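Reviewing the structure listed below.
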Amino acid sequence: MKKIYSMLTIAIVGLSAMMMTSCTEDQEIGMSLEGTWVGNMYVYHEWSGQSYKATESEITFNSDPFRTTKGDGYWVDYYAGGSYIANHIRWEVHDRIIRVWFREDGGYEEISDFRINNSRFEGYIYDNDGNPLKFELRKVYNRNYNNYNWGGSYWYDDYYYAPAYSPAKGKVAATDSIANEKKNEIPTRYILAKDPE
């Protein structure tokens, strides 16, 4: 009987160790994500028939104080001339996949096959056709996000939108049509490997 009890104890300890290993890996990823990251995430926004290419994206991950595998934060896409589109995000790490939900525009992204350390975060994000795109982000200091506009009238203020991106010329093209567009249209987010046509 003592031998069966010892074997059962070893089996339970081994199973517990395997279960904790999976949780620990996701927790370590969540703790490593904490902070602000900047780089190219292949983001475009379409608004009123025009495509806008982000020059840089900035993502801040804040961990839930009770679970390091999930939290909230901010995703801001910057455009030429100081324009930006800002979203509050909710994120979660599960089985080494980072899932990100965008509050203001209702979008969703997954990040997989990544490496992360104290200063670099690189991996793959999927475009709208399901193709993997390699990204590289660098860690920066947290910014004061109280200065950003979120939802509501922010969508309707033309200041926050860049001039239209011209794929044929490969540069930003001037446009005056933004200020005259519909007041209730919300930009659509795309992740694209190449310039929109």
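Points to keep in mind about this one:
- Just so you know, in region 7-47 the residues that are β-branched (Val, Ile, Thr) and farther than 22 Å from Val140 by Cβ include one that is modelled with the lowest pLDDT, and it is Thr21.
- Some residue of region 73-84 being without any contact (Cβ under 8 Å) to a residue 40 or more places away in the chain, of a type outside the set (Val, Ile, Thr), touching a Pro at 6+ places or on another chain (Cβ under 9 Å) and assigned to a strand (DSSP E or B): no
- The set of residues in region 69-82 that are surrounded by fewer than 19 Cβ atoms within 10 Å (Cβ to Cβ), within 19 Å of Ala54 (Cα to Cα) and of a type outside the set (A, V, I, L, M, F, W, C) comprises Tyr78, Gly81, Gly82.
The values are calculated or read from the model by the stated rules, or taken from the named source; none is laboratory data. Here the structure is a predicted model, which is why all the values come from computation and not from measurement. For neighbour counting, all protein chains shown are included, and Cβ atoms are generated from backbone atoms with ideal geometry for every residue, glycine included.
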